[in-house]
Each structure stands twice: as structure tokens, then as C-alpha cells.
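The values are calculated or read from the model by the stated rules, or taken from the named source; none is laboratory data. Source: prediction; values computed, not measured. Don't worry about glycine lacking a Cβ; one is built from the backbone with ideal geometry, like all the others, and counts go over all protein chains shown. Areas reflect the complete protein model, heavy atoms only, side chains present, ligands, DNA and RNA absent. Shrake-Rupley method; radii C 1.70, N 1.55, O 1.52, S 1.80 Å.
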Amino acid sequence: MGNVLRVDLSTQKVSTEEPDPAVCREYIGGRGFNSRTLFREIRPGIDPLGPENVVCLATGPFTASGLTSCSRVEVSTLSPYSGILGDGNAGGSFAHFLKKAGYDQIIISGKSKVPLYLWIEDEHVELRDASDLMGLNTWKTTDTLYERHGKDISVAAIGQGGENLVRFATLMFDKYNSAARGSGAVLGSKKLKAIAVRGRKNVSLADPDEFRDLARADRDFFLNDPFQKEVVAVYGSHIGMLHWGPGFRNYEKYLSETDVPDTLKPEAWKQFETGRSACRSCVVPCKNSFKIPEGEYEGEVGKALEYECIFCLGTNCGITDPVPIMVQENLADKYGICVIALGNAIAMAKDLYMRGILTDRDTGGLSLDWEDAESQIELVHRTALRQGFGNLVAEGMYSMAKILGNKAMDYCYHVKGLSRGPYPAGVFGLAHATSTRGADHLRGRSWAYGENDPSLWPELVKKGYIPVEDEVKTLILSEEVTTLTDMIGRCKGAVNNWGSAVPLVFKYPLLEGLAKLLRAATGTEFSEETLKNAADRVYLMEMAFNVRQGILIEHARLPLKPGLAGTPKGDLELAKHKAMLERYHILRGCDPETGIPTREKLESLGLGFVADELAEGTENPCGFGKWEGPVLWGLETYPKGTLRA
């Protein structure tokens, strides 16, 4: 295993620590390492944009090992967007180079008085002046560091969105890969502009021959599986426009395959495609490269346009022209802001505008008409630079609604500050409610639903690995396996699927292939039981982290549209959701009345210290204060401006 690199920006000191073997065995890596660090080192109730916050970046045990799809870097912090756990992971090459430099985790604390960037070259680590990088977008920052250090490096950078503390600003890796959840704003508050890394060490394996054989079988699956070859490698996540029901006009409805405009269907995007590529170590080219052929933006090029951008900044904002969507993708990547959170905020703002809750006076005369693409592009600029009405949008959907009042929250379809839209009670609604980072599709939802596995999912069900007769148990299993995916540094697939999330699941019983790979990589014995315990250990620690931020079972809500809330049909939906939620918490080992993990369950996972931390809040479930979103600043206090992208 690699070392832990600690960076204290207040003192500008860097140090390394050897990993504890017990921690490596119990938390494995990636999200496991980071969630443990956050619980231990972040006090409840702090300002996410204050110096007390911590940012962690971690690789997994399979990073740079030769196992396909294992180039993800996990980024975790207390989110300034939601005020709870904020984690995400990104592809590219950063995890590969960090691992080869000898590090499994970076822990960044404190706050610098001057702009800095972190330079890592194997054992050599130093903080360098970044004054000349300030005001640059992520693409220019990355290119500048390539010129300075050579192109055989990987760069993580924030753009103007992070510098201006846009609450959903993200850390961008190698220009096109986003970690989301506000990590860019936290690093902006700490004045850390970028991290550049070169790693040239070999990664050792306990049993290289066994590992090589297992990795070859995994690789062959991706090269030969019809779904991977004919769908994921050809269309990537664009296929979701036909099958995932993208929202329309702030979730006025979900679009069926026939509802989706022809201009936004997967085949239509091929007219702009100039090539396809994959992340480091992956054999599936799920990412497109594109070029705008004509018009005002003729010649503009970009990469990795995903379903989330087409949906969030396209249909859900009322935009059906593909060109403005590509333009906004590039702006979000350059400014370093999350397309999902940006799209949700703009969609809600447009909805409020059309209902008269927002007016031209509020927007400074900027049109928020549904089809007005040019005004929306302008709003993206203003949001990243915190100019005019964009300063309010930069607070994010939930905080914007909270600031506006006047029924704005009725159209903010959030769970714990994040949104995937309003859904009926069921697997989707429950998955969004129980996600430890707020409403999210990657915490287990797609796997519990089996929506993207045309042949593998039925086979796993037939073999009895997935308890489809019980939706709650299926979701918990899906949360466990996707937690493990994040812990090992593996991609869940551009089109989320079981074959990507669980190595060798097509060949061995459920987690047996993963256990074999871990044994061959680390020399440590794992079983399905110990792997599930590791996943539960991390998930319940994350739940406990959020309890300290004031999250209780009432926040695991089912968002309803105003027309449904308070009606008999709406009440039935809420009752069904409540029943599923109570059963979920019982099965998880939590108090069904509060949602707080029980001491018995925590101690069974070796988390007695977590139970001790929560003890003061159990007599009074709101002992840590009640969650109301992140600590907010006055809008006039934020940094603003710098160069347009």
C-alpha cells in the first residue's frame, strides 16, 4: 500500500505517514479511507468554506495495477453545497500517477494566505506559488502546468468557479473529469489552485501471476460483452436519453423515448463526434470528443459530454438545441462547476421565473425564458463569476430557494440539498432518500433497478445473488456493492452496470471475484462477509457523519410536486415511502424513528468510537443541531469576477 500525504496549508508543511494495516484491511481504500478521515478530523457544525474543513483524495488498491476501469480518484469533503458529506470521484489519469508516486491518499487541511499549487514527483513534494495561475480557467491552468512540468503528468485544478466560491464548484482532473459536490469551492477557500503529479514507481502485487490471470478475464469481458461493445463503447451515457427518462423544464415531466427531440437522441450526437476515448487503464471508449461545425461557435471543441449535461443543462432547462448544450459543457469544465448542480439551479430559477416568483428585476433584466439558450449561456458565465443574478444561482438550488422564500422551496425537489427530481415511492425514491450525499443515482439506485444490464442482470437474479422479491434488501445490497466500487477505485460504468461495479461478477458468485482480486493484490484474505462488513462500516460511518451535521430520518424525504402534496394520492405516496424507509433503517441497524445507527450495529462493525461520538445526540435526536443546509454567507461577501472563460 502507498503512503498518506498530509498537506497543512496554514503552515505550508507536508508530511507522509505509513498506512495502518488494520485500516487498509477494514476500509480498503478510496471512499473508505476518505470517509474515515472526515469523521475523525471534521468537527460538526463548522463552516465548509472555513479553514477547519478537510479535503481528501484517495486511490484504490487496484489503481495502476493493470485491472481495467480502475482509474478513479475519490474526492471527499464537507460539502459547501449541501452541508453534509460531499464526495465524488473522477476518471482520467490522476489516480494512476498518484499511486505510482507512492501515495494512496492526500489529506489537505488549513488555509493558505497566498495562492499555491501542490507539486508531487514521487518522493519530492512541495507547495509552490500559484499567483500566476489565479484567474485562469482549468484548461489554461492545466496547459500552463504541462508547459512547466512536462506532459507526462496529471493535473487537478479549480477554475474561476472555485476561486469565487461557487458552492457547487468542482475539482477538475485532466480538464474533463469532474469530482463534484463542492470540492472546488473548498479548495478555493483554502487558496489551493491545483495539484500536479508525476509518478514513475512500479506498483507491487502480492501474487502477480494470479492477479494477471484474473485481470485478463475481467478485461476480456469488457472486450467481448455485446452491451459493452455495441452500446457503451459506441454511445456512452448518451444512450440514457432513450432509456432513463430525462427531466423536462424542472421536472414538469420525464421524457419517454418518443418525447425526446430527435436532435438530442444518441445517434444525432454522432454528427459532432470527432473521436472516442477511455480513461487510463480502461478498454471501453465511453467518452466522446466533439466539434461544433458551424455557426457562432464554429470550431469549438470539447470532450466527455455526458447524459447529465444533456439532461440537466438541456431538456430540464427547456433547451433542445445541441449546440448550446456543448457550449455549456465546455464552460462548466473550464470554470470548474458541476453540470448537475448548475443545471438544477438554473432549471428551478427558470421555473420560478415563469411562475412570477422571480422577475426581471431579480434577474437584472436577464431573460429566463425556457427556450432562451443564449441568455442561459450568459447566466453560466455570471454564475461562475458571481455577477448579478448569477451570484444567487452560485449558492445552489437549495440555498437559493431558502434565500428567496416566497414558496420557492415548493419547486426545489431536493433530498438533503441535492436533486434527482420528484419520483413516486419505490426504489428510486428510497435510493435518493438513503444516499449519504443527498439525492443521487450512483449510490445504488441503478443497480437495484437493474436498468442497464440486458443480459447480466437477469443472470444474476436467476442465480439468486440479488433478492429482487424485496426492493429494500435489493437496494441495501446495491448500496454495499457500489460502496465497494468506490473503495477499490473502480468505475461503475458510464452506463451504470453490475459488470463494471463488481469485478468478475459474470464469472464468480457476487463478491467472490473481488475477494480473489484483493487477495492477489494485497495478500489479505477477504470473503463476501468481510467485504459486506467493510461496505457497511463505511456507509454507517457516513450516516453518522451526517447525523452530526443534523441529518435525521425526516430529511430522507420523498419530494412531491406542489399539486400532489396534501392530496390523498400524495399522502399514500408518503405513507408507502415511510414504510419502506422504516424497514430500510431496521435492516441497516438504525433506529427506525430517528435514522441514527444503533450502538449495537456500530460496535459489531468495530465502530464503537462512532457510537461514543453519537451518544450525546441520542437522548435528544437534534443534539447536534438540525440540518438546514450549509452555513451561508452574505452574497456581498464573496469574491467575484476575474476573466471570462
Inset, instruction - Place the peptides 95-103, 21-29 in order of packing, highest mean first, counting for every residue the other Cβ atoms within 10 Å and averaging per peptide. - result: 95-103, 21-29
Inset, instruction - With a 10 Å radius around each residue's Cβ, average the other Cβ atoms per peptide and rank 351-362, 201-212, 562-573, 403-414, highest first. - result: 403-414, 351-362, 201-212, 562-573
Legend entry - Two-site label geometry, Asn202 and Lys13: point separation in nm, points 7 Å out along Cα→Cβ: 3.6
Inset, instruction - With a/c under 1.5 counting as rounded, go ahead and sort region 121-240 into rounded, prolate or oblate using the C-alpha gyration tensor (a ≥ b ≥ c being the square roots of the eigenvalues; past the cut-off, prolate if a/b is larger than b/c, else oblate). - result: oblate
Inset, instruction - Evaluate the charge dipole of region 372-522 about its Cα centre and quote only its size in Debye, nearest 20, assuming +1 on the Cβ of each Lys and Arg and -1 on the Cβ of each Asp and Glu. - result: 420
Inset, instruction - Obtain the radius of gyration and the Kirkwood radius of region 181-237 from its C-alpha atoms and give Rg over Rh. - result: 1.22
Inset, instruction - Assign unit charges at the C-beta atoms only (+1 for Lys and Arg, -1 for Asp and Glu), then state the dipole size of the chain relative to its Cα centre in Debye, rounded to the nearest 20. - result: 660
Legend entry - For region 464-588: span of alpha carbons on each principal axis (Å, largest first): 56, 32, 27
Inset, instruction - Could you grab the relative contact order for the chain? Cα pairs under 8 Å, six or more apart, rounded to a whole percent. - result: 16
Legend entry - Compactness of region 384-429 as Cα Rg over 2.2 N^0.38 Å, two decimals: 1.35
Inset, instruction - Go through Ala611, Thr77, Ile476 and say which Cα lies farthest out towards the positive end of the charge dipole of the chain; charges sit on Cβ, +1 for Lys and Arg, -1 for Asp and Glu. - result: Thr77
Legend entry - Around Lys229: net Lys/Arg minus Asp/Glu count, Cβ-Cβ under 14 Å: -1
Legend entry - For region 373-450: relative contact order, % (alpha-carbon pairs under 8 angstrom, 6 or more apart): 17
Inset, instruction - Work out, in µm²/s and without decimals, the Stokes-Einstein translational diffusion coefficient of region 15-109 at 10 °C, 1.306 mPa s, Rh from Kirkwood over C-alpha pairs. - result: 115
Inset, instruction - With a 1.4 Å probe and every protein chain kept in, tell me what percent of the accessible surface of region 413-477 is carbon plus sulfur. - result: 52
Inset, instruction - Might you report the magnitude of the Cβ-based charge dipole of region 487-638 about its Cα centre, with Lys and Arg at +1 and Asp and Glu at -1, to the nearest 20 debye? - result: 780
Inset, instruction - Take the Cβ-Cβ distance between Asp20 and Glu600 as r, set R0 to 35 Å, and report the resulting FRET efficiency rounded to the nearest 0.05. - result: 0.85
Inset, instruction - Hey, could you grab the Kirkwood Rh for the chain? Inverse mean 1/r over distinct alpha carbon pairs, Å, one decimal. - result: 24.5
Inset, instruction - Within the set of other residues whose C-beta is less than 11 Å from the C-beta of Thr68, count the net charge using Lys and Arg as +1 and Asp and Glu as -1. - result: +2
Legend entry - Relative contact order of region 1-53, pairs being alpha-carbon contacts under 8 Å that are 6 or more residues apart, as %: 20
Inset, instruction - Take the alpha carbon gyration tensor of region 98-148, find the square roots of its eigenvalues, order them as a ≥ b ≥ c, and report rounded if a/c is under 1.5; if not, report prolate when a/b exceeds b/c, else oblate. - result: oblate
Legend entry - Packing rank of 531-540, 579-588, where each peptide gets the mean count of other beta carbons within 10 Å, highest leading: 531-540, 579-588
Inset, instruction - Using θ = phi - 60° and the Karplus relation 6.51 cos²θ - 1.76 cosθ + 1.60, list the HN-Hα couplings for region 440-450 in order, rounded to whole Hz, with x at every Gly or Pro. - result: 7, 9, 9, 8, x, 4, 4, 6, 5, 8, x
Legend entry - Value in Å of the Kirkwood radius, where region 166-314 supplies the Cα pairs that are averaged: 18.5
Inset, instruction - Between the alpha-carbon centers of region 155-229 and region 7-78, tell me the distance in whole angstrom. - result: 13
Inset, instruction - Using only Cα atoms, locate the centre of region 491-536 and the centre of region 90-144, then give the distance between them in Å, rounded to an integer. - result: 31
Inset, instruction - Set Lys and Arg Cβ to +1 and Asp and Glu Cβ to -1, take the dipole of region 513-576 about its Cα centre, and tell me which of Pro568, Asn533, Met543 lies farthest positive. - result: Pro568
Legend entry - Fraction of beta bridges assigned by DSSP in the chain that are antiparallel (%, nearest 5): 80
Inset, instruction - Would you mind classifying region 276-393 by shape? Square roots of the alpha carbon gyration tensor eigenvalues, ordered a ≥ b ≥ c; an a/c under 1.5 is rounded, otherwise it is prolate if a/b is larger than b/c and oblate if not. - result: prolate
Inset, instruction - Two decimals is fine: what is log10 I(q)/I(0) at q = 0.15, 0.20 Å⁻¹ for region 255-329, from a Debye sum with one equal scatterer on every Cα and no solvent? - result: -0.52, -0.88
Inset, instruction - Please report the Cα spread of region 506-645 along all three principal axes, rounded to whole Å, starting with the longest. - result: 54, 52, 39
Inset, instruction - Just grab the label-to-label distance for Glu273 and Asp213, each label 7 Å out from Cα along the Cβ direction, in nm (one decimal). - result: 3.7
Inset, instruction - Report the net charge of residues surrounding Leu607, where surrounding means a beta-carbon distance below 14 angstrom and charges are Lys +1, Arg +1, Asp -1, Glu -1. - result: 0
Legend entry - q = 0.22 Å⁻¹: log10 I(q)/I(0) that the Debye formula gives for region 349-480, counting C-alpha atoms only: -1.20
Inset, instruction - Positive end of the charge dipole of the chain (Lys, Arg +1 and Asp, Glu -1 on Cβ, about the Cα centre): tell me which of Gly92, His124, Thr436 has its Cα farthest that way. - result: His124
